[in-house]
Amino acid sequence: MIKENLKKIKICIEKSAEKSGLPHKKIRIIAVTKEASSARILEALDEGLTELGENRVGHALLRQRAIDGRATWHMIGHLQTNKARDAVSVFFLIHSVDSVKLAEAINKEAARAGKVQDALLEVNVSGEGTKYGVSAGDVKDFLQSVKGLANIRISGLMTVAPLTDNPENSRKYFKTLKALADREGLRELSMGMSQDYGVAVEEGATMIRLGRAIFGSTN
Ligand SMILES: *Cc1c(COP(=O)(O)O)cnc(C)c1O
């Protein structure tokens with residue numbers, strides 16, 4: 001099933017990328033594992049997926065051991081500062097930096113580990129009260145505040161659009177995120193989920209985060 005799902009996803013990416021002008025091969029699929037079983041995760045790896053997303057540090061730590069270095073891990077959920085050390089130890093990219101305090105905690109732990117942690121700034125473009133992320137108006141200040149941190153590198157922006165069954169509803173949020181990234185000279189754009197990844201790619205996503213579209217709705 002994953003094989004068929006991926007085939008559909010790739011066709012959609014290819015078609016949508018024509019509109020964004022990005023080479024479709026440059027658009028990275030982050031396979032969001034959440035409730036997926038180890039067997040399904042291994043199946044995804046066998047289909048050539050190499051980047052996995054988790055919203056919990058503990059899950060990623062356990063699964064990293066289980067898959068033994070066959071993929072890189074992406075943190076896509078809210079991260080508490082007291083989990084920064086574990087996060088730095090397991091994640092290749094942290095998509096969900098949403099405060100200066102968290103950026104500082106990551107920076108400190110990355111320095112201790114002797115690495116530079118790649119990360120994205122999460123922006124709450126829609127302004128929904130239930131969502132994490134800095135507001136669009138605070139992006140510039142945030143970037144200014146973290147500029148001096150030598151062990152965290154913010155290479156782009158991430159957003160989660162509101163839940164919808166019409167992907168077109170997400171377009172305006174993705175356009176805003178792209179405009180913010182362009183203004184700040186940031187290259188990476190993590191946007192688009194199963195509900196709206198085609199629109200996200202059209203609007204310039206460089207990474208899409210897919211759970212249900214790959215693993216099915218029950219995982
Ligand atoms: C769960 C999750 C996804 C994937 O959602 P699907 O609808 O299953 O594609 C993407 N991004 C974040 C932040 C998530 O929490």
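The values are calculated or read from the model by the stated rules, or taken from the named source; none is laboratory data. Please read all numbers here as calculations on a predicted model, not as lab measurements. Counting neighbours? That spans all protein chains shown, and the Cβs are built from the backbone with ideal geometry, glycine included. Side chains are part of the model used for accessible areas, which takes the heavy atoms of the whole protein and leaves out ligands, DNA and RNA. Shrake-Rupley method; radii C 1.70, N 1.55, O 1.52, S 1.80 Å.
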For the stretch 135-219, state what percent of all Cα-Cα pairs lands in each successive 5 Å bin, counting from 0 Å until the bin that includes the largest distance.
3, 15, 24, 21, 16, 11, 7, 4, 1
As a test of reading the structure, rank Tyr173, Tyr132 by solvent-accessible area (1.4 Å probe, protein chains only), most first.
Tyr132, Tyr173
Given a 1.4 angstrom probe, I'd like the percentage of the accessible area of the stretch 28-111 that is carbon and sulfur, rounded to a whole number.
47 percent
So what does log10 I(q)/I(0) come out to for the stretch 43-159 at q = 0.10, 0.11, 0.23 Å⁻¹, using the Debye formula with one equal point on every Cα and no solvent?
-0.30, -0.36, -1.28
Ranked from highest to lowest mean number of other Cβ atoms within 10 Å per residue, what is the order of the peptides 20-26, 202-208?
202-208, 20-26
re the stretch 117-170: pairs of Cα atoms spaced beyond 14 Å account for a percent value of 58 percent
Quick one: if you stick a label point 7 Å off each Cα along the C-beta vector at Lys175 and Arg153, how many nm between them?
3.3 nm
Stokes-Einstein D for the chain at 37 °C, 0.692 mPa s, Kirkwood Rh over Cα pairs, in µm²/s?
188 µm²/s
Counting DSSP beta bridges in the chain, what percent are antiparallel, to the nearest 5?
0 percent
In whole percent, what relative contact order does the chain give with Cα contacts below 8 Å and a gap of six or more residues?
22 percent
Note to self: with every protein chain in place and a 1.4 Å probe, the chain gives an accessible area per residue in Å² of 48 Å²
Identify the residues of the stretch 199-219 with backbone N under 12 Å of a label point that sits 7 angstrom from the Cα of Met1 along the Cα-to-Cβ direction, or state none.
212-219
Each label point is 7 Å from the Cα along the Cα-to-Cβ direction; what then is the distance between the points at Leu62 and Arg212, in nm?
2.4 nm
